[in-house]
Amino acid sequence: MGKENNELKRSLGFGSAISIVIGTIIGSGIFFKQASILDSAGSSSMAISAWIFGGVITLAAGLTIAEIGAQMPYTGGLYVYVENLYGRICGFLAGWMQVIVYGPAIIASVAGFMSIMITNLFGIDAKWRIPIALIIIIAIGLMNFLENKVAAAFSVITTIGKMIPIAAIIIFGLFWGHQDALGQTVSEINRSAGGFGVAVLATLFGYDGWILIANLGGEMKNPQKLLPKAIILGISTVLVIYTLITVGIFRFVPANMIHSLGENTTSYLATRAFGDIGGKLLSIGIIVSMMGTLNGKIITFPRIVYAMARRGDLPFSRILSYVTPKGKSPVVATIFIILLATIMMLFFDPDHLSDLCVFTIYCFYLLTFFGIFILRKKNSKRPFSTPLYPFVPIVAIAGGIFVLVSELFNDPAGVLLFAGIVIIGLPVLYVVKKMDKKRLK
């Protein structure tokens, strides 16, 4: 197949880019993590602080990556950044981590949370959660077999649609809630929940996904300008929305009840606030919100597989780099990611997966944050410069270290498992390159 027939199409504008950023971030985390964050933080005041703190870390990270991404506007995102900064092996591990661990795990986690919402809404037995999640992933994956404009349009629609339940929760909670949002404590708290550090870590799953737009750099019309704008405006918007949602929930639902309801807190609020029919409609709106998030993940992660396969860094790279002749969609890479997500779904629960996702991605975020200092020495002219340099990158680095240390103390076994899967990438790269050399002889 000729190279000209195997390229992605530059067709994404600012509207699509900002919708993908917001749509990918706002999904399951803000709706399903309230109880676990409250349990870890210990009070409503600290839980709200955790959401704000997590947002500030994410914004600092986004401002730092925006400068780096504007200088490397290519398909592959973090994979490309790490390779250009630290060399082929580190770059490969960054890509391998996203393809084998992070991408499939986060897709499985969001689909798992979504299936919980669906089974609660329709009174379906819990044993159907995994089959329902699998059907959702396959359906959205099939949509992504079409031209990228289709999935981008779906992202715009779901991003607009998700603002309805978000606005309803914020307005109802703030103006009709009777609780004090600040100062509530949980009387029967699980002391093993982990403290403020783990609470912040959990919020970062809610904020995660902002960098995935960088994977579409090769499909944007003007990535040097659009990428920084989309990242910064998207994260800032989400930070405000998340803070207001959290305050609204604490205004309406007492902390002890949130602790008892767990993942069902949002479903309870929807039914109590708007009655059975209104609650169901609001729950459907939240499900649409999560569909948009899942679509954003399934748009972006196959692009990393594609970028790595184009470099010959994966087994069966020739097959994995295939794109459809008309729509220019990486269909084989999409199938590959869906298969791995299915495996993750069968062996991990969504909440555990979400924390491990954040840990693995932040290992490479941290490397990339340091990269801004390397690029500043090399390049005096930049399409975008991080404001308040070097303070903002230092905040991003401190936040990254905070995340890694918190998860290492909270779940050392899970960390070792996921780290081991990442390290396995080294012998895989060695074997692939050895086979390539034999073919060339």
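The values are calculated or read from the model by the stated rules, or taken from the named source; none is laboratory data. Keep in mind that what you see is a predicted model, and the values were worked out from it rather than measured. When we count neighbours, we look across all protein chains shown, and the Cβ atoms used for this are built from the backbone with ideal geometry, even at glycine. Surface areas here come from the heavy atoms of the whole protein model, side chains and all, with no ligands, DNA or RNA. Shrake-Rupley method; radii C 1.70, N 1.55, O 1.52, S 1.80 Å.
Quick check on segment 292-313. Is at least one of its residues within 30 Å of residue 35 (Cα to Cα), at pLDDT below 85 and open to solvent by 20 Å² or more (accessible area, probe 1.4 Å)?
No, there is no match, as no residue in segment 292-313 is within 30 Å of residue 35 (Cα to Cα), at pLDDT below 85 and open to solvent by 20 Å² or more (accessible area, probe 1.4 Å).
Out of 329, 321, I need the residue that is touching a residue at least 24 places away in the same chain (Cβ under 8 Å) and surrounded by 22 or more Cβ atoms within 10 Å (Cβ to Cβ). Which one?
Values: 321 fails: surrounded by 22 or more Cβ atoms within 10 Å (Cβ to Cβ).
On inspection, the qualifying residue turns out to be 329.
Would you point out which residue out of 68, 57, 25 is closer than 30 Å to residue 375 by Cβ and touching an Asp or Glu at 6+ places or on another chain (Cβ under 8 Å)?
Numbers: 68 fails: touching an Asp or Glu at 6+ places or on another chain (Cβ under 8 Å); 57 fails: touching an Asp or Glu at 6+ places or on another chain (Cβ under 8 Å).
Matching residue, one of 68, 57, 25: 25.
Given the conditions (1) at pLDDT below 85; (2) farther than 28 Å from residue 141 by Cα; (3) open to solvent by less than 10 Å² (accessible area, probe 1.4 Å), which single one is not true for residue 109?
Failed condition: (2).
Filter segment 385-416 down to the residues that are under 26 Å from residue 88 (Cβ atoms) and not β-branched (Val, Ile, Thr), then identify the one that is most open to solvent (accessible area, probe 1.4 Å).
416
Determine whether segment 240-258 contains at least one residue that is farther than 22 Å from residue 168 by Cβ, among the polar types (S, T, N, Q) and assigned to a helix (DSSP H, G or I).
Checking segment 240-258: at least one residue is farther than 22 Å from residue 168 by Cβ, among the polar types (S, T, N, Q) and assigned to a helix (DSSP H, G or I).
Residue 266 fails exactly one of the following numbered conditions: (1) open to solvent by less than 50 Å² (accessible area, probe 1.4 Å); (2) at pLDDT 85 or above; (3) closer than 19 Å to residue 38 by Cβ. What is the number of that condition?
Among (1) open to solvent by less than 50 Å² (accessible area, probe 1.4 Å); (2) at pLDDT 85 or above; (3) closer than 19 Å to residue 38 by Cβ, the lone unmet condition for residue 266 is (2).
Could you pull out the residue among 63, 85 that is in contact with a Pro (Cβ under 8 Å, 6 or more places away or on another chain) and either more than 30 Å from residue 260 (Cα to Cα) or modelled with pLDDT of 85 or more (or both)?
It is 63.
Give, as residue ranges, the helices (runs of 4 or more DSSP H) completely inside segment 344-441 that count at least 2 residues that are modelled with pLDDT under 90 and of a type in the set (Lys, Arg).
Hits in segment 344-441: 350-378, 425-440.
Does segment 281-300 contain any residue that is under 26 Å from the mean Cα position of the chain (by Cα), under 17 Å from residue 146 (Cβ atoms) and not in a helix (DSSP H, G or I)?
Checked segment 281-300: no residue is under 26 Å from the mean Cα position of the chain (by Cα), under 17 Å from residue 146 (Cβ atoms) and not in a helix (DSSP H, G or I).
Take the conditions of a type in the set (Asp, Glu), over 19 Å from residue 34 (Cα atoms) and open to solvent by 10 Å² or more (accessible area, probe 1.4 Å) and apply them to residue 180. Does it pass?
no
Has segment 246-260 got any residue that is at pLDDT 75 or above, β-branched (Val, Ile, Thr), closer than 30 Å to residue 387 by Cα and surrounded by 24 or more Cβ atoms within 10 Å (Cβ to Cβ)? Walk me through it before giving the result.
Let us first name the residues in segment 246-260 that are at pLDDT 75 or above, namely 246-260.
Adding the requirement that they be β-branched (Val, Ile, Thr) leaves 246-247, 249, 253, 258.
Filter once more, keeping what is closer than 30 Å to residue 387 by Cα: 246-247.
In the following step, the residues that additionally are surrounded by 24 or more Cβ atoms within 10 Å (Cβ to Cβ) were identified as 246.
Yes, segment 246-260 has at least one match.
Considering segment 187-206 alone, what residues qualify as being at pLDDT 60 or above and part of a helix (DSSP H, G or I)?
196, 197, 198, 199, 200, 201, 202, 203, 204, 205, 206
Is it the case that residue 334 is open to solvent by less than 10 Å² (accessible area, probe 1.4 Å) and touching a residue at least 40 places away in the same chain (Cβ under 8 Å)? Can you show your working first?
Values: open to solvent by less than 10 Å² (accessible area, probe 1.4 Å): yes; touching a residue at least 40 places away in the same chain (Cβ under 8 Å): yes.
Judged against the criteria, residue 334 is a match.
Say whether the condition of being within 19 Å of residue 280 (Cα to Cα), open to solvent by 50 Å² or more (accessible area, probe 1.4 Å) and out of contact with any Asp or Glu (no Cβ under 9 Å at 6 or more places or on another chain) is met by at least one residue in segment 132-154.
No; the residues of segment 132-154 include none that is within 19 Å of residue 280 (Cα to Cα), open to solvent by 50 Å² or more (accessible area, probe 1.4 Å) and out of contact with any Asp or Glu (no Cβ under 9 Å at 6 or more places or on another chain).
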